[in-house]
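*Asks:* Before anything else, here's the structure in question.
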Amino acid sequence: MSLFMMLEPVMQVLQSQRIILASSSPRRVEILKGVGLKFDVCPSLYEEDLDPLKYRCHSEYVIDCASNKVQEVAQRLCAEGNKPDIIIGADTVVSMDGKVYGKPKTEEKAVEMLKALRGHVHTVFTGVIVDTGTKIVKFSECTKVFMAPISEETIKAYVKTGEPLDKAGGYGIQGLGGSLIEKIEGDYFNVIGLPLHSLCKHLVEISNNIKLIPSGAPAV
């Protein structure tokens with residue numbers, strides 16, 4: 001069953017809700033649009049200041065980061081009298097041998113990351129929060145990624161394209177960076193930044209608990 005078909009039975013309910021994506025990531029926007037969701041984008045202003053080394057596992061870390069993003073957006077919109085029905089937030093990191101690789105801010109840092117990841121297996125963790133105002137759903141997904149033993153020349157050429165600079169781990173699997181990857185084990189969309197299958201399952205569960213008021217019926 002396609003992911004669009006997963007949501008199709010509850011799409012009327014979802015379309016009746018004001019959904020906010022608490023992220024500025026164009027990849028997450030594309031993923032949600034791809035399954036037919038209507039939503040507004042409201043990037044979180046939360047400054048990521050959590051220390052991943054203080055967490056027992058990376059899944060807990062990305063969930064807390066995503067939670068803080070959603071909380072900031074929820075508080076801001078409520079203060080403006082613009083409370084949404086559903087807020088979706090996510091955070092993604094790359095991990096290998098206990099070390100976390102975030103988004104490189106410079107070309108030099110991107111080269112350093114890719115040189116460390118090449119020829120090895122790393123794991124992509126994404127934490128997701130779905131806040132309905134009355135219920136908060138928290139979950140995470142991990143995907144193993146096998147990066148090819150690419151040359152330093154290839155790494156530098158790739159970094160020069162500019163693609164790595166806003167992506168966890170310094171590469172975009174959905175773009176030119178896909179040529180650096182031998183295979184993955186797990187959800188492809190999770191590597192991009194949003195575990196779509198798991199998200200759709202939770203949206204279906206949430207939608208089944210939302211009662212629509214029939215057209216013409218008085219609100220209770």
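The values are calculated or read from the model by the stated rules, or taken from the named source; none is laboratory data. Just so you know, these numbers come straight off a predicted model, no measurement behind them. All Cβ positions, glycine included, derive from the backbone under ideal geometry; neighbour counts span all protein chains shown.
*Asks:* Of all residues in region 98-139, which are closer than 21 Å to D64 by Cα and aliphatic (A, V, I, L, M)?
*Replies:* V100, V124, V128, I129, V130, I136, V137
*Asks:* Name the residue that is nearest to H197 (Cα to Cα), counting only residues in region 137-163 that are part of a loop (DSSP other than H, G, I, E, B) and hydrophobic (A, V, I, L, M, F, W, C).
*Replies:* A148
*Asks:* Looking at this structure, is T134 polar (S, T, N, Q) and touching a residue at least 60 places away in the same chain (Cβ under 8 Å)?
*Replies:* no
*Asks:* Return the only residue of D91, D166 being closer than 21 Å to G193 by Cα and crowded, with 20+ Cβ neighbours inside 10 Å.
*Replies:* When all the criteria are applied, what remains is D91.
*Asks:* Right, something else. Exactly one condition in (1) under 15 Å from the mean Cα position of the chain (by Cα); (2) among the hydroxyl-bearing types (S, T, Y); (3) surrounded by 21 or more Cβ atoms within 10 Å (Cβ to Cβ) is false for S198; which is it?
*Replies:* Looking at each condition in turn, S198 falls short on (3).
*Asks:* Is there a residue being more than 19 Å from K201 (Cβ to Cβ), charged (D, E, K, R) and loosely packed, with under 15 Cβ neighbours inside 10 Å anywhere in region 126-141?
*Replies:* Looking through region 126-141, none of the residues is more than 19 Å from K201 (Cβ to Cβ), charged (D, E, K, R) and loosely packed, with under 15 Cβ neighbours inside 10 Å.
*Asks:* Which condition number in (1) in contact (Cβ under 8 Å) with a residue 40 or more places away in the chain; (2) of a type in the set (A, V, I, L, M, F, W, C); (3) touching a Phe, Trp or Tyr at 6+ places or on another chain (Cβ under 7 Å) is the one that L176 fails?
*Replies:* Against the list (1) in contact (Cβ under 8 Å) with a residue 40 or more places away in the chain; (2) of a type in the set (A, V, I, L, M, F, W, C); (3) touching a Phe, Trp or Tyr at 6+ places or on another chain (Cβ under 7 Å), L176 comes up short only on (1).
*Asks:* L165 fails exactly one of the following numbered conditions: (1) farther than 19 Å from T106 by Cβ; (2) of a type in the set (A, V, I, L, M); (3) at pLDDT below 95. What is the number of that condition?
*Replies:* Among (1) farther than 19 Å from T106 by Cβ; (2) of a type in the set (A, V, I, L, M); (3) at pLDDT below 95, the lone unmet condition for L165 is (1).
*Asks:* Among the residues of region 94-111, which ones are out of contact with any strand residue (DSSP E or B) (no Cβ under 8 Å at 6 or more places or on another chain) and either at pLDDT below 95 or buried (at least 16 other Cβ atoms within 10 Å of the Cβ) (or both)?
*Replies:* Correct list: D97, G98, K99, K103, P104, K105, K109, A110, V111.
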